[in-house]
Number of protein chains: 8
Amino acid sequence: MDVYLSGEIHSDWRERIVRGAQGLDVRFSSPVTDHSASDDCGAAILGEPAEQFWRDHLGAGVNAIRTGTLLRAADVVVVRFGEQYKQWNAAFDAGQAAALGKPLITLHPPEHDHALKEVDRAALAVAREPEQVVEILTYVLEGTLPGA
Amino acid sequence: MDVYLSGEIHSDWRERIVRGAQGLDVRFSSPVTDHSASDDCGAAILGEPAEQFWRDHLGAGVNAIRTGTLLRAADVVVVRFGEQYKQWNAAFDAGQAAALGKPLITLHPPEHDHALKEVDRAALAVAREPEQVVEILTYVLEGTLPGA
Amino acid sequence: MDVYLSGEIHSDWRERIVRGAQGLDVRFSSPVTDHSASDDCGAAILGEPAEQFWRDHLGAGVNAIRTGTLLRAADVVVVRFGEQYKQWNAAFDAGQAAALGKPLITLHPPEHDHALKEVDRAALAVAREPEQVVEILTYVLEGTLPGA
Amino acid sequence: MDVYLSGEIHSDWRERIVRGAQGLDVRFSSPVTDHSASDDCGAAILGEPAEQFWRDHLGAGVNAIRTGTLLRAADVVVVRFGEQYKQWNAAFDAGQAAALGKPLITLHPPEHDHALKEVDRAALAVAREPEQVVEILTYVLEGTLPGA
Amino acid sequence: MDVYLSGEIHSDWRERIVRGAQGLDVRFSSPVTDHSASDDCGAAILGEPAEQFWRDHLGAGVNAIRTGTLLRAADVVVVRFGEQYKQWNAAFDAGQAAALGKPLITLHPPEHDHALKEVDRAALAVAREPEQVVEILTYVLEGTLPGA
Amino acid sequence: MDVYLSGEIHSDWRERIVRGAQGLDVRFSSPVTDHSASDDCGAAILGEPAEQFWRDHLGAGVNAIRTGTLLRAADVVVVRFGEQYKQWNAAFDAGQAAALGKPLITLHPPEHDHALKEVDRAALAVAREPEQVVEILTYVLEGTLPGA
Amino acid sequence: MDVYLSGEIHSDWRERIVRGAQGLDVRFSSPVTDHSASDDCGAAILGEPAEQFWRDHLGAGVNAIRTGTLLRAADVVVVRFGEQYKQWNAAFDAGQAAALGKPLITLHPPEHDHALKEVDRAALAVAREPEQVVEILTYVLEGTLPGA
Amino acid sequence: MDVYLSGEIHSDWRERIVRGAQGLDVRFSSPVTDHSASDDCGAAILGEPAEQFWRDHLGAGVNAIRTGTLLRAADVVVVRFGEQYKQWNAAFDAGQAAALGKPLITLHPPEHDHALKEVDRAALAVAREPEQVVEILTYVLEGTLPGA
């Protein structure tokens, strides 16, 4: 099972999921999580444009080669919304996943519930902690529940 | 060939198919057939909601991550309707399989024929016994008929 | 907006929705709800087969020309599960609607909640009374709530 | 041409576009922009659940019947990100539009450029003012430029 | 309802259907049934090629602009196999209709049953006479059976 | 029938087709054929960027809102390659039309045959003069040949 | 590369292709070519129906589980029309392949050219001998021409 | 990751990419780049037609079996426009890639920028040198930037 881990890149949620899922038949993928590499990749490879807007545009294009390919190849998409930042790209990925018919799991604290209600409505599960994502994947792949 | 075995979870029909198909190049998949795990998975992982309706909703969401993924990955879908229970989820899976263009085999006793006529019409074969499903898979994969 | 009303044919739920929705910009469609015409149509037109199984098969084929066309043309699909009968065809239609990405509204009494949890999970609303379906359509089309 | 106006509901940007586009062959659509009706619609029609999370879930489901239908029917999708609020639903709609291959126009002030770079990269135009959206629609439909 | 009438062009079956369906809300379409125009159209418009194979190729291309467009626009496809000629183009149209998920009605005498079993299996009805097609369309559109 | 006329904008081929097709049930569409408006539209509406590359990018985005919408809505796509200019956008449109399964007619002089062989292979007709396109549309819609 | 060999089952054309393609990276598949097994499979497994029409229907259903799965999984479809028999199933498979966007190669003697012109028009190559199919596959996979 | 290298066949750009990407998890594919084999393949295998137009048509058909299969199987499509020749087939491939939703990278010198603006607008990156394509693939697969 291919699982794409989209969204927040400033906490260790991906590591906690990958570590917890050791032994499961899952291949995880994610965007490039090195923030500065992700911001610079377009200009570093294709040349510095004169304006910041197009610098972002170049970088977003190069990143989309990776993220679009992984998202389309995924069986399940997990999208994390962190406690700060706008993370519109996370919601954008969730929208793509929904339109492509991918099973979607969101991961965020309760204080975002109201703002994320449209995204959560399209999800098959709303988790609070990365360990719950691991438990879902364990159940989905092996049919066993935590503590069982 | 990937074959998804959907429907009734209270008899040994899956075991009879899997056993009979030994030696064929088939990978079988199915929903979680542990009834209580299947009912509890949402609340056990994501937390107990205040109302039973949402408890079922949570569980159905987590199960759908598994069943939807397997159903979309299947080459052939077999749907079993047993002698009791309403098994609307089996008919729901059959409807999804039909809309996705998956070859569909139904498996049920003749007393359900009239009630299942719309589902059977969308199927490429209507079997009465699990062993007939094995014979179909044997013919489909190896071109040989029973007794040949 | 095209709304397909699928499922139970033994109560007046369709009439209550159509009557309640007068004045809304909705075109309703439904399967043939004359039970005996629906059962007989295949044999009456194409000839009586020797066996009942194929009689049902003929009828289900002719009905599917109508129901499949209407379901694919619908913007919204409403599926009613009544208090008796197995209504596997209703769940089958719901499965097709879900796989085709149609917004789905289910309509059934609470005693079916547990048995219908997979179908309800795929729905965007679960109504108990036809008048609630009218209220949803009113809100969806005009943005107004009951009593407003 | 059908144009869906998604996103922020706290300023007059929709009115400015609709007014400016008078005389063009465009039909505009939008989510319900009455904030409290939008929040309450699920519970008001389907009944108050015990928990706020499911209240939001009910409402998001009913709203999705409208927004999903309009978004899929649109030829062009305009998504507005305002100066406050998280507006994850706007980014979610943009993701759906992108995955469905709909031409996308974003509308937001420059201070959101970096945070919206993935969304903007999927757009065919990034506008700052509603009047620019009108000018785009005028050019797209009539081939004339402002001041010409 | 748009109904495409494909296949044999040497008998009056289309006229019998169109005449019988007067008063129904159906728009019929068909390939060009003037045999020599159909054979000559490519060379007459685009110029005579040196070889007969390419003459047929030119003509088939021009005809496919019409037939492909009508077949894709149809809600229901009726395919007639007559008593002589190979009519591979009829079976080819049936294959396209099946793969596109169009409801298919075949129309042929019983002596072709065995040779057409794969095509008939993909059809929702197998009729013997054009009047049966009219009865099916009447039932599908109005819910009434012959003699009722 | 909706026909999109793509490609060369420096000769009167579109006018000759539209004039010749008077009386046929065809709606023609095309990109904006005012060359300078087409080049300037992005910068004129969205603001002048610092670099010519991005000026072209802005304009191509705005034009794609129009051309993509029309191309996807077309039943038939005609692509003209003129005697000069590279016209990669014409070949690009032809590639999109082919991948979308649209019937394609190319229109170009014989000296481009070898260079256009891949595009012509995907076309259902290769015409030399606009009047041949009119004759094809006449045949496709009315079944009559020139001189008949 | 997966190549599906559809059509005539009364000559050794499949063997000639498979033998000739030894050493190429191709996996060939085909319908069950044992004529009597193919005719009997439905009734032998699912039970003898009272009427021959339904016997054929049963068999065609079981065969379609195999052929539909293989055809959808194929990268290239080769369809052979022999010198006798009607072979509507071959043309039906060609129609499915065309609608699914599969590259199609037809294989038939010149005397069928006129009757097969619609099918050939949808093909990317029309071969006369199985050895030409081998040469095409060799070129497609290795880039080398016969005698080179 | 499968990367299809489309376009110009008269320089060593493919070799420079393949060499530079050694060690990355990429499988490259391309059209047959032996110009005369590519031109002759149709006639050499299927027989010489009387006219050059059909000779090109035969060859383009055989080549399309290869190129269409590889393009549809690709995760990423790179299209190179060289300094001479019209290369309409490159733009045609780019159009197909865009319509199929494949991430597209174009590779061409700045003097083609204006003529390629529609193609570049559909691309996620516009490179000038093959080494930049290698750097993009390295970043996409390993997350590292040149010099890092």
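What value does chain A have for Rg/Rh, both radii from Cα atoms and Rh as Kirkwood defines it?
1.00
Averaged over peptide B:19-29, how many Cβ atoms belonging to another chain are found within 10 Å of each residue's Cβ?
Values: counts 0, 0, 0, 0, 0, 0, 0, 0, 0, 0, 0.
For peptide B:19-29, the averaged partner shielding equals 0.
Please average, across the residues of C:76-85, the number of beta carbons from any other chain that are within 10 Å of each residue's own beta carbon, and give a whole number.
Mean shielding by partner chains, rounded to a whole number: 1.
Test of understanding: in a Gaussian network model of chain B with alpha carbons linked when under 10 Å, which of B:Gln96, B:Gln52, B:Gln132 would top the mean-square fluctuation ranking?
In the Gaussian network model the winner is B:Gln52.
Quick one: work out the % antiparallel among DSSP beta bridges in the protein assembly as shown, nearest 5.
Close to 0 percent.
Identify all aspartates and glutamates with a Cα-Cα distance to B:Lys86 below 13 Å; exclude those on the same chain that are fewer than 8 residues away in sequence.
Straight-line reach from B:Lys86, under 13 Å: B:Glu8, C:Glu83, C:Glu111, C:Asp113, C:Glu118.
Tilt of helix B:35-46 relative to the longest C-alpha principal axis of chain B, in degrees (0 to 90, nearest 10)?
So the inclination is approximately 40 degrees.
Which entries in B:Lys102/C:Lys102; B:Lys102/G:Lys102; G:Lys102/H:Lys117; A:Lys117/H:Lys102; A:Lys102/H:Lys117 show an alpha-carbon gap greater than 24 Å?
Pairs exceeding the cut-off: G:Lys102/H:Lys117; A:Lys117/H:Lys102; A:Lys102/H:Lys117.
Fewest Cβ neighbours within 10 Å first, please rank A:Thr106, E:Thr67, F:Thr144 accordingly.
The order, fewest Cβ neighbours first, is F:Thr144, E:Thr67, A:Thr106.
Suppose the Debye formula is applied to equal point scatterers at every Cα of the stretch D:67-148; what is log10 I(q)/I(0) at q = 0.11 Å⁻¹?
Debye curve over Cα of the stretch D:67-148, log10 I(q)/I(0) at q = 0.11 Å⁻¹: -0.29.
How big is the gap, in Å, between the Cα center of the stretch E:77-148 and the Cα center of the stretch C:79-123?
That distance is 32 Å.
Over the whole of D:110-123, what's the average partner chain Cβ count within 10 Å per residue? Rounded to a whole number, please. Before the final figure, lay out each step's value.
Numbers: counts 2, 0, 2, 5, 8, 6, 6, 14, 13, 6, 5, 13, 6, 2.
So the per-residue partner count for this stretch is 6.
Roughly how tilted is helix H:88-99, in degrees to the nearest 10 and between 0 and 90, from the longest Cα axis of chain H?
60
Per DSSP H run of n ≥ 4, the term is -39500 (n - 2.57); total these for chain D, divide by its residue number, and report the mean residue ellipticity at 222 nm rounded to 500 deg cm²/dmol.
-15000 deg cm²/dmol
When the dipole is taken about the Cα centre of chain F, and only Lys, Arg (+1) and Asp, Glu (-1) are charged at their Cβ, what size is it in debye, to the nearest 20?
For this selection, approximately 320 debye.
Of all beta bridges DSSP finds with both residues in chain G, what is the antiparallel percent, to the nearest 5?
Close to 0 percent.
Starting at the first residue of the stretch B:16-30, write each ³J(HN,Hα) from the Karplus equation 6.51 cos²θ - 1.76 cosθ + 1.60 with θ = phi - 60°, in whole Hz, x for Gly and Pro.
Once θ is set to phi - 60°, the couplings for the stretch B:16-30 become 5, 6, 4, 5, x, 8, 4, x, 7, 7, 10, 10, 8, 9, 7 Hz.
Taking springs between alpha-carbon atoms closer than 10 angstrom, which of A:Leu70, A:Leu58, A:Leu46 fluctuates most in the Gaussian network model of chain A?
A:Leu46
Mind checking the angle between helix E:130-142 and chain E's longest principal axis? C-alpha axes, 0 to 90 degrees, to the nearest 10.
For E:130-142 against chain E, the angle is about 60 degrees.
Quick one: Debye curve from the alpha-carbon atoms of the stretch C:41-109 only, equal weights, vacuum; give me log10 I(q)/I(0) at q = 0.27 Å⁻¹ to two decimals.
So the normalised log intensities are -1.11.
Relative to the Cα centre, what is the charge dipole magnitude of the protein assembly as shown, using +1 at the beta carbon of each Lys and Arg, -1 at the beta carbon of each Asp and Glu, and rounding to the nearest 20 debye?
0
Quick check: from the Cα gyration tensor, does the protein assembly as shown come out rounded (a/c under 1.5), prolate or oblate? If you can, show how the numbers build up before the last one.
Working: a/c = 1.33, a/b = 1.00, b/c = 1.33.
Since a/c stays below 1.5, the shape of the protein assembly as shown is classed as rounded.
Given labels modelled 7 Å from the Cα in the Cβ direction, how far is it in nm from G:Gln52 to E:Arg27?
Label at G:Gln52, label at E:Arg27, 4.2 nm between them.
Using each residue's phi in the stretch A:111-117, evaluate 6.51 cos²θ - 1.76 cosθ + 1.60 at θ = phi - 60° and report the 3J(HN,Hα) Karplus result to the nearest Hz, with x for Gly and Pro.
Karplus-based 3J(HN,Hα) across the stretch A:111-117 equals 5, 9, 3, 5, 5, 9, 5 Hz.
Kindly state, to the nearest 0.05, the FRET efficiency for F:Asp34 paired with H:His10, given R0 = 30 Å and r defined as their beta-carbon distance.
Plugging the Cβ-Cβ distance into 1/(1 + (r/R0)^6) gives 0.25.
Read-outs: derived from the displayed coordinates by stated rules, not from any lab. Because the structure is predicted, anything quoted here is derived from the model rather than measured. Positions of Cβ are generated from backbone atoms using ideal geometry, with glycine treated the same way; all protein chains shown enter the neighbour counts.
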